[in-house]
Amino acid sequence: MNEKILLVTGASSDIGTNLIKNIYNDYNYIIAHHVGDDSKLQELKNEIGDKLILLKGNFLDEEDTYKFVEEIKNMNKVPTHIVHLPAGKFENIKFNKITWEKFQTDINIALRSLVIILNGFLPIMSKNKFGRIVVMLTSCTTNIPPKYLSSYVTSKYALLGLVKALSTEYADKGIRINGVSPTMIETKFLQNVPELLVQQNAMNSPTGANLTVEEVLPLIEFLLHDSAGSITGQNIAITNGNIM
């Protein structure tokens, strides 16, 4: 393995940008996926330089997702490490008010995109006998989920199934695939959630607070590291004191 190349999907998120800040020195190149506002990523690029490659891709569009993968291949920058962060809007909606289109949107953004990406890159990782993949899940997959998040929870369970299935299939190819399942994190991802619910979640935590990005990143960074080579197929909860 000559170069270490990290692909971060959903890189414009708070977790994505802070992860890149923390570990860019460990990689020859980082490909940062974004779909909308890339101002934070542009600031990072000004700081990091050409090793940070910004690449736009609309994961709601199947054709555009395939195009995203082909652009990476054409750059000859096939990733050795992948962190998958995208998710649909985090919204509290009663099931009888939700539509199939909302389920389909969440599945396309989170699951279909990863299936297409891994279909493109896992065969190459297999030939190289190396790969590290970390998928952002949720504590909803390790405990009783809250009400009114059916489409979000369903998409995350689908991702967990993919993590479990592929970790077994590719274990003998030197590829390690794991999920990370934090409780509520204080990020802009919560902007559509009523503030009262965010505060209640914090009060219900043994620590009296929601997680911060800084508390989640160390586990992701560890799972990307060579020292995590014996860990695969796991869904690791970050509980903030809650017993799962």
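Taken about its Cα centre, segment 23-81 carries a charge dipole of roughly 240 debye when the Cβ of each Lys and Arg holds +1 and the Cβ of each Asp and Glu holds -1.
Taking only alpha carbon atoms, segment 80-137 gives an Rg to Rh ratio of 1.13, where Rh is the Kirkwood radius.
Based on alpha carbons, the Rg and Dmax found for segment 1-126 are 15.3, 53 Å. Pairs exceeding 18 Å between alpha-carbon atoms, taken from K102/K164; K4/K164; K97/K147; K51/K73: K102/K164; K4/K164. Under a 5 Å amide H cut-off, with hydrogens placed 1.01 Å from N, R176 pairs with G131, R132, I133 among residues at least 5 apart or on other chains. Taking Cα atoms, how many degrees apart are the long axis of helix 113-128 and the longest axis of the chain, rounded to 10 and kept between 0 and 90? Roughly 40 degrees between the two axes. Straight distance only, please: which aspartates and glutamates reach the Cα of K56 with their own Cα at less than 12 Å, same-chain residues fewer than 8 apart left out? Candidates past the 8-residue exclusion: D37, D38, D64, E71. Give me the Debye-computed log₁₀ of I(q)/I(0) at q = 0.10, 0.11, 0.12, 0.17 Å⁻¹ for the chain, equal point scatterers on Cα only, no solvent, two decimals. Reported log10 I(q)/I(0), two decimals: -0.45, -0.55, -0.67, -1.39. Counting Lys and Arg as +1 and Asp and Glu as -1, what is the net charge of the other residues whose Cβ lies under 12 Å from the Cβ of K56? Result for the local shell: -4.
All of the numbers you see were taken from the coordinates with simple rules; none came from a lab. Since the model is a prediction, treat every value here as computed from it, not as a measurement. In this analysis, Cβ positions are derived from the backbone assuming ideal geometry, glycine residues included, and neighbour counts consider all displayed protein chains.
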